[in-house]
Amino acid sequence: MPSPDELRAHIAEGRTALRSAIQTSGDRWEQTIPGDDWSPRKAAEHAIGAEVYFASEVCSACGYPGLDPWTGSYATPADALAGLDQAAAAADGRLKYVSDTDLVKSHPQMGTVTDIMTIDARHLLEHAEQLRGVRQ
């Protein structure tokens, strides 16, 4: 089983990948991604909001208060990068407290804390790939 630090590192890697994909979306920010109904903007807004959602679900599994839902709207990639930084800081403010004993705590719909943090990291990577699909 991965440690809390390893899980946090995987999430950070996902954020780095999303950051890179947002930075390179440029003039296609509002264009629909080929073979998809989402624009880079919509994908980024969703992924950024999900960062806070997943951190809140970790909180729920551990039995402490989560965060208010995140509903950012980002007119430009630069706005999205700032939003990603803010959402990551909010999420990390909670995830930094996850301990080894928390990893096996269970959420009624999402599995264990390990599962939630793994899903978070994978979710970020999936949306980074989605945004990269725009640059063909």
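The values are calculated or read from the model by the stated rules, or taken from the named source; none is laboratory data. Everything numeric here is computed off the predicted structure, so don't read it as measured data. Every residue, glycine as well, gets a Cβ built from its backbone with ideal geometry; the counts of neighbours run over all protein chains shown.
Below is a table of values for the structure above.
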| quantity | calculated |
| --- | --- |
| Test result for G14, under 17 Å from E126 (Cα atoms) and among the small types (G, A, S) | yes |
| Any chance G83 is surrounded by 20 or more Cβ atoms within 10 Å (Cβ to Cβ) and not in a loop (DSSP other than H, G, I, E, B) | yes |
| Which numbered condition K96 misses (of (1) within 18 Å of E13 (Cα to Cα); (2) at pLDDT 95 or above; (3) out of contact with any Lys or Arg (no Cβ under 9 Å at 6 or more places or on another chain); (4) among the basic types (K, R)) | (3) |
| Residue within segment 48-61 that is more than 11 Å from the chain's Cα centre (by Cα) and outside any helix (DSSP H, G or I) present | no |
| Subset tally (residues that are in contact with a His (Cβ under 8 Å, 6 or more places away or on another chain) and not in a helix (DSSP H, G or I)) for segment 89-133 | 0 |
| Options S60, S56, S73: the member that is at pLDDT 90 or above, more than 24 Å from Y97 (Cα to Cα) and either crowded, with 20+ Cβ neighbours inside 10 Å or not hydrophobic (A, V, I, L, M, F, W, C) (or both) | S73 |
| Yes/no for T118 being surrounded by 13 or more Cβ atoms within 10 Å (Cβ to Cβ), within 15 Å of G14 (Cβ to Cβ) and of a type in the set (S, T, N, Q) | yes |
| Hits in segment 3-35 (condition: over 16 Å from H46 (Cα atoms), at pLDDT below 95 and not in a helix (DSSP H, G or I)) | T24, P34, G35 |
